[in-house]
Structure formats: structure tokens, C-alpha cells
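Derivation of every value follows stated rules applied to the coordinates shown; laboratory data play no part. If you're wondering where the values come from, they're calculated on a predicted model, not measured in any experiment. FYI the Cβ positions are ideal-geometry reconstructions off the backbone, even for glycines, and counts take in every protein chain you see.
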Amino acid sequence: MKKLVITPTYNEKENIASIIETVVGFAAEYDILVIDDGSPDGTAQIVEGLIPKHIGRIFIEKRAGKLGLGTAYIHGFLWALKRDYDLIFEMDADFSHSPNDLNRLAEACVNGADVAVGSRYVKGGSTENWPLDRQIYSIGGSAYTRLITGIPVKDPTAGFVCYKRKVLDAINLSTINFIGYAFQIEMKFAAWKLGFIIKEVPINFVDRKIGASKMTKGIIKEAIFGVLNMQWQSSTGKFIKIIKRIRVNF
């Protein structure tokens, strides 16, 4: 089973080498694809320096500038689908998501889930070193999303996710346009509307120790209005455009 971890980066020179070495150290189970948005701090050069050490395990796609988290993941999803990966993961580069949890997400998909979500808000999940305002935004955003959309996911904004190939193959990725929290919500909402099984796996989310957070007021605003737009489109039948094709192997 081919597994790929997708990690978007912008100015992650302090973390990127360690995260890559940890991921590829798992007995050749996981490849890693870095999507770098023109980091001026030399992140891409660090990745390129590691490629000869792990040929065929580390890949990088370099983009011209800061184009957003959502578009980075879509770029990575399309790259992975072309190369026949079976399990495709989203994971941050700053160790807020522990690479040691990759196996637990993979096991959830092997054992029946179509989407495995590394969840802070199911039993056993937690956050660590988060400031109060981040806790309020995250918990409030999750509750708001569930209330508006009805999606049965306690951590819909989670960014540590494993998708089976068939899920990404069934969603028209060209219609997923949000870049922050709303992107994470929209992908899960699309998978849920298509009838895929979503399982939440408890994780401990640790706030980054090195580097700067990418959270902005614009991203929060996008999530608030994006959720309303998703629900409106769904209730009027317009959200059906996300479906590329419904497969018989649901």
C-alpha cells in the first residue's frame, strides 16, 4: 500500500528537516511531498538537500508565492492521484501533528474508514500550549460548523487527515477553493455528502514551538462565511457540483 504525506510549507526552515527525517524513518512506509510556496528563508533548499539521501521517498513541488494552504493541498492531491498512492495524508510541518500518529490514521482507514481525522475533540484528544484565544476560535468554530451543516465530525477544522484514494478521486477538486479553516471543513463536508465513512482518531495537538503561526483574521472570516455558503449550496442542491463521479465501491 503506497502512502504519501503532503506537507505545505512557508518559512519552515527550523522544522522541515526534522519532520522529513521522522516521516521517512518509518521503515519505508511513507513518502513525503513538500509543497513550498516560495519560502524566502530557504526551506525548499533544505528539502532539496535531503532528496539524494532518500531517493524516491522525498519530493518537492515549488510554487511561485504564497498561494494558500487549500491550493497547496489540492496541488498535492492531484500529484498523488497521478502516482497511484493509496493513502494520502495532510500534515503540518511544525510538529503540531505528531508523525507518530500517522500509523493510527492509516489503521483507521485500513479498518473501514474512508477518511481518518486526527481529532482534538473526541475522547482522548487534546491540545497543548494553546493560548486562550486559539482555543476559543477552534472550539467555537467546530461547534458552529456542526450546528450549521450537521456534519457528524467533532473536529471539522482539523488539518491532520488521511484520505483513501477513492475519496479524492470522487471529489471535483477544482471546485474546492477555500484556503484555511474553511478548506478543511469543505473537504470533510464534501466527503460526508458523498457518503464516505469519516472516523475521528484522538490526537494531542501541540502548538508550534518554533516559527510563526499562519493563522489570520482573514482565515477565520473565511471559515465563518464559508460554512454558511456550503450549507446554502447544499440545501439548494448546488453543492452537487463537487461530485465528479460516485463510485460503486463506496
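Values as computed for the structure displayed
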{"item": "Exceeding the 22 Å Cα-Cα cut-off - candidates 62/193; 66/166; 13/123; 2/53", "result": "62/193; 66/166; 13/123"}
{"item": "Stokes-Einstein diffusion coefficient of the stretch 3-241, Kirkwood radius over Cα pairs, 37 °C, 0.692 mPa s, in µm²/s", "result": "183 µm²/s"}
{"item": "Per residue, the convex hull volume that the Cα atoms of the stretch 133-183 enclose (Å³)", "result": "100 Å³"}
{"item": "Which of 148, 72, 160, positive extreme of dipole for the stretch 71-186 (C-beta unit charges)", "result": "148"}
{"item": "Relative pair counts by distance (%), Cα atoms of the stretch 68-119, 10 Å bins", "result": "22, 49, 29, 0"}
{"item": "For residue 200, residues with placed amide H under 5 Å, excluding near neighbours", "result": "117"}
{"item": "Pairwise centroid distance, computed over Cα atoms, of the stretch 56-102 with the stretch 139-159, Å", "result": "23 Å"}
{"item": "DSSP-defined beta bridges in the stretch 3-241 - what % are antiparallel, rounded to 5", "result": "25 percent"}
{"item": "Gain upon complete extension [residue 54, residue 67; 0.36 nm per residue less C-alpha separation]", "result": "1.9 nm"}
